[in-house]
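Every number here is computed from the coordinates shown, using simple stated rules; none is lab data. Since the structure is predicted, the reported quantities are computational estimates derived from the model, not experimental observations. Positions of Cβ are backbone-derived with ideal geometry, glycine not excepted, and every protein chain shown enters the neighbour counts.
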Amino acid sequence: MDKATKIYIAGHQGMVGSAIVRRLCAAGYVNLVSRIHDELDLTCQAAVENFMQHEKPDYIFLAAGKVGGIHANQTYRADFIYQNLMIEANVVHAAWQAGIQRLLYLGSSCIYPRDCLQPIKEEYLLKGPLEPTNEPYAIAKIAGIKLCESYNRQYGTQYVSVMPTNLYGPNDNYDLNKSHVLPALIRKAHEAKLRGDASYVVWGSGNPMREFLYVDDMADACVFLMEREDICDGLFNVGTGQDVTIRALALTVMQVVGFKGEIVFDASKPDGTPRKLLNVDRMRGLGWSAETSLREGIAKAYSDFLSKEVT
């Protein structure tokens, strides 16, 4: 990508979108385009088409969408499938209409079957039933992947899909009713420390295994792929290649935050998928790998949490 090329970042205020903006700015890209929701509703087809025809960006990072943890996915199932389907369909179709050849679509590792062979390879997509707790979201994300693939095959576009593992970092959502597991643990441990509690409660048994990727590493992978002119199609897992139990994760968070009490696991709450570790051989084969360790990333995320003074 030329440093002056026009780049549209959809979802620039979100955790991933803002990280992509930081990465592009650090690399010297100067012609970045973005719109807040009040300026451009991505679920409105006419508005998206008008925007694309007017701006005609050369590259698009599609990081916009509705995201959340187990509680949010179970509670707002219709919102998750509808909003994500509409956003991806509108942006991809309008991009093609406007003659935009390069687009990167941000998916999710929840697209893979619940009881998948580990570590999960890209070719395992659609090889088994999904995890029920986030099935509507996963179906929407799978549709986005197939949308990019189909436009590439029919129209010759160069739309790439990336599947990140569990992300965390600056601009994460710490609302306990909507957040993912790591930001929820950070907030719970912090508040328990402030109250002087003897313990804090973690959902589930603590036994499921999860992989976590610092969001700035994810942004680096996205820009890395878009800068490679020879990468014009396909699905790429993005992760660290290492996972931990939720129990071990909670202990690390407790140590970083400085909470001295105990952890209580509420086994009445759902665990979700037993294990979800991505095979990242494709990205490593291209020469990319994550750089931020889990403990280092959690410390950065906690600093960001404190700076936001979340209440």
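By how many nm would the segment from Leu251 to Ser205 grow when fully extended, if each residue of separation counts as 0.36 nm and the alpha-carbon distance is taken off?
Additional length available on full extension: 15.2 nm.
Net charge near Ala27: determine it from the other residues with C-beta under 13 Å of the C-beta of Ala27, scoring Lys and Arg +1 and Asp and Glu -1.
Values: positive: Lys3, Arg22, Arg23; negative: Asp2, Asp216, Asp220, Glu227.
Around Ala27, the surrounding residues sum to -1.
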Worksheet, complete the sentence: Evaluated at 20 °C and 1.002 mPa s, the Stokes-Einstein D of region 1-120 based on the Kirkwood radius over Cα pairs, in µm²/s, stands at 139
Discussion item. Restricting everything to alpha-carbon atoms, can you work out Rg to Rh for region 226-311 with a Kirkwood hydrodynamic radius?
Written reply: 1.07
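Where nothing but the Cβ of Lys and Arg (+1) and of Asp and Glu (-1) is charged, how large is the charge dipole of the chain around its Cα centre, in debye to the nearest 20?
460
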Worksheet, complete the sentence: Rounded to a whole number, the Stokes-Einstein D of region 156-231 in µm²/s (Kirkwood radius over Cα pairs; 4 °C; 1.567 mPa s) is 85
Worksheet entry | Residue (of Pro129, Val238, Ile60) at the positive-pole extreme of the chain, dipole from beta-carbon charges | Pro129
Practice prompt. Provide the gained length on full extension for the span Lys3 to Lys308, in nm with one decimal, where the gain is 0.36 nm per separating residue minus the Cα-Cα distance.
Written response: 106.6 nm
Item to complete: Count the net charge of all other residues whose Cβ sits under 9 Å from the Cβ of Pro183, scoring Lys and Arg as +1 and Asp and Glu as -1.
Response: -1
Fill in: Cβ-derived FRET efficiency at R0 30 Å, Asp281 paired with Asp58, nearest 0.05
0.50
Worksheet, complete the sentence: For Val253, the net charge from surrounding residues (Cβ-Cβ under 15 Å; K, R +1; D, E -1) works out to +2
Worksheet item: Okay, which of region 134-156 sit inside 19 Å, backbone N to the point 7 Å along the Cα-Cβ direction of Asp233?
Response: 143-156
Worksheet item: Which one of Gly99, Val256, Ile298 has its Cα pushed farthest toward the positive end of the charge dipole of the chain, where Lys and Arg give +1 and Asp and Glu give -1 at the Cβ?
Response: Val256
Fill in: Modelled FRET efficiency - R0 30 Å, Asn50 with Thr75, Cβ distances, 0.05 increments
0.35
Worksheet item: Label points 7 Å out from Cα along the Cβ direction at Lys269 and Tyr155: separation in nm?
Response: 4.3
Worksheet, complete the sentence: One would report the antiparallel percent of DSSP beta bridges in the chain, rounded to the nearest 5, as 5
Response to the item:
In whole Hz, the Karplus estimates of ³J(HN,Hα) for region 121-130 (6.51, -1.76, 1.60; θ = phi - 60°; x where Gly or Pro) are 8, 4, 6, 7, 4, 6, 9, x, x, 7
Discussion item. If Rh is defined by the Kirkwood formula over all Cα pairs and Rg also comes from Cα, what ratio Rg/Rh do you get for the chain?
Written reply: 0.96
Response to the item:
In this structure, among Lys56/Lys146; Lys66/Lys300; Lys56/Lys308; Lys188/Lys308, pairs with alpha-carbon gaps over 27 Å are Lys56/Lys308
Worksheet item: For the chain, what is the calculated [θ] at 222 nm in deg cm²/dmol (nearest 500), taking -39500 (n - 2.57) for each run of four or more DSSP H residues and dividing by its residue count?
Response: -13500 deg cm²/dmol
Item to complete: Mind giving me the FRET efficiency for Gln101 and Val244? R0 is 30 Å, r the Cβ-Cβ distance, nearest 0.05 is fine.
Response: 0.15
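By how many nm would the segment from Ala143 to Ser289 grow when fully extended, if each residue of separation counts as 0.36 nm and the alpha-carbon distance is taken off?
That works out to 49.9 nm of additional length.
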